[in-house]
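The values are calculated or read from the model by the stated rules, or taken from the named source; none is laboratory data. Since the model is a prediction, treat every value here as computed from it, not as a measurement. Cβ sites come from the backbone with ideal geometry, for glycine too, and all protein chains shown count toward neighbours.
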Amino acid sequence: MTADDKHIPVLANETLDLLMAPFDGKFCRIVDGTLGFGGHSSRILERNPQARLLGIDRDRVALNASAERLRFAGDRVTLRHGRFSDIRTHVQSAGWDKVDGILLDIGVSSVQLDTPERGFSYRFDGPLDMRMNPESGMTAADLLNQLPEDELSRIFRDYGEIRQARQLAREIVRIRTKDPFDSCGKFAAVCDRVLKQRGGPPAPTLPFQALRIAVNEELKELEEALSAAMDLLAVGGRLCVITFHSLEDRIVKHFFQDMAETCKCPPGCPVCVCNWDAKLQIVTKKPVTATEEELARNSRSSCAKLRAAERIEKDNQQHKTEGEKAR
């Protein structure tokens, strides 16, 4: 079984419809900012033979696998190794100005999770790495062994929403002074002992998530990519984001709401003075989730949420007249 076979893109049909429906049969430029193993991108290129695609990924293994998978599309595909927060730079390097669609599938691929050497999962006793780009940056082991207790506690609290964050951080600091952390198994064992999970997901689930987010700066990456997308999307272009936990989804939801507001004056202000115009129109009033059929086929789709919005311009909005707000 190849990496392509093992990685099943989540919400594939729903994503394609929301991202590509306005451009069916038309020339368009699409950015897959989290290319992974090309599951979504291959479907985009198959659906629209006129589409041009720019794929970005931090993981060179995934990028090489995608290059092979997308070979059928020839020169319609451009691939870049790097962070999706640098999407502006990658788009410019491809010679593009504006784009018609941007897809961000936030999360770890099945292949990464199922490869013990990558250190993403507590299910395997591999090296405690967790880097999406294994060529640079600090590993998860580095963070556990070097960060002060307060910072470790913050990571577990903010990124894992763990109530016993302080106790877990304190135990990690106590242990590492004599026996530094180097394996997923050792970290998982400490999580089991300190958190003593009763019901719900296994105890290491949230600490591993929190540590992975910190290693890869995932929330910062998402925020920067969303901001950059506003500059890159052409009018009528679509932005689709798939998230896998509440922290990510909250960022996307609030960003879409913020960009869709028609006025940012304080409540009660009788006359609009902010000169703000909405920049997005939200396409999905609530997040799209997996169907029962998909859940039966791919259990990892259970946490996935898809949100989509469309870039609009001032001339397409219903504007305020005579200095009064549209409420």
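Considering Phe37, Phe27, which residue is in contact with a His (Cβ under 6 Å, 6 or more places away or on another chain), over 16 Å from Ala225 (Cα atoms) and among the aromatic types (Phe, Trp, Tyr)?
Values: Phe27 fails: in contact with a His (Cβ under 6 Å, 6 or more places away or on another chain).
After ruling out the rest, the residue left standing is Phe37.
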The lone exception for Tyr159 - which of (1) part of a helix (DSSP H, G or I); (2) at pLDDT below 95; (3) not acidic (Asp, Glu) it fails:
(2)
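Would you confirm, using the coordinates I've provided, whether Arg29 is surrounded by 21 or more Cβ atoms within 10 Å (Cβ to Cβ) and either over 16 Å from the mean Cα position of the chain (by Cα) or at pLDDT below 95 (or both)?
Values: surrounded by 21 or more Cβ atoms within 10 Å (Cβ to Cβ): yes; either over 16 Å from the mean Cα position of the chain (by Cα) or at pLDDT below 95 (or both): yes.
Yes; evaluated as a whole, the condition is true for this residue.
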Which condition from (1) in the same structural domain as Phe256 (by TED's automatic domain parsing); (2) under 25 Å from Thr243 (Cβ atoms) is the one that Trp96 breaks?
(2)
Are there any pairs with C-beta distances below 7 angstrom linking a residue in region 281-298 that is under 18 Å from Cys240 (Cα atoms) and in contact (Cβ under 8 Å) with a residue 12 or more places away in the chain to a residue that is surrounded by fewer than 16 Cβ atoms within 10 Å (Cβ to Cβ) and of a type outside the set (Val, Ile, Thr), with the two at least 6 apart or on different chains, and if so which?
Gln281/Ala260; Ile282/Ala260; Ala290/Ser302
Confirm whether Glu248 is surrounded by 15 or more Cβ atoms within 10 Å (Cβ to Cβ), in a helix (DSSP H, G or I), in contact with a Lys or Arg (Cβ under 7 Å, 6 or more places away or on another chain) and touching a residue at least 12 places away in the same chain (Cβ under 8 Å).
no
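Considering Asn48, Asn64, which residue is farther than 25 Å from Ala308 by Cα and either among the acidic types (Asp, Glu) or assigned by TED's automatic domain parsing to the domain that holds Ala225 (or both)? It would help to see each step written out before you state the result.
On the way: Asn48 fails: farther than 25 Å from Ala308 by Cα.
Exactly one residue qualifies, and that residue is Asn64.
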Under 9 Å between Cβ atoms, which residue pairs at least 6 apart in sequence (or on different chains) link something in region 176-191 that is more than 16 Å from Arg123 (Cβ to Cβ) with a partner that is among the polar types (S, T, N, Q) and modelled with pLDDT of 95 or more?
Arg176/Asn145; Arg176/Gln146; Pro180/Asn145; Phe181/Asn145; Asp182/Asn145
State whether the residues of region 213-230 include one that is assigned to a helix (DSSP H, G or I), touching a residue at least 40 places away in the same chain (Cβ under 8 Å), touching a Phe, Trp or Tyr at 6+ places or on another chain (Cβ under 9 Å) and more than 23 Å from Phe256 (Cα to Cα).
yes
Residues of region 182-211 satisfying the condition of being part of a loop (DSSP other than H, G, I, E, B) and either among the basic types (Lys, Arg) or touching a helix residue (DSSP H, G or I) at 6+ places or on another chain (Cβ under 6 Å) (or both)
Asp182, Lys196, Arg198, Ala203, Pro204
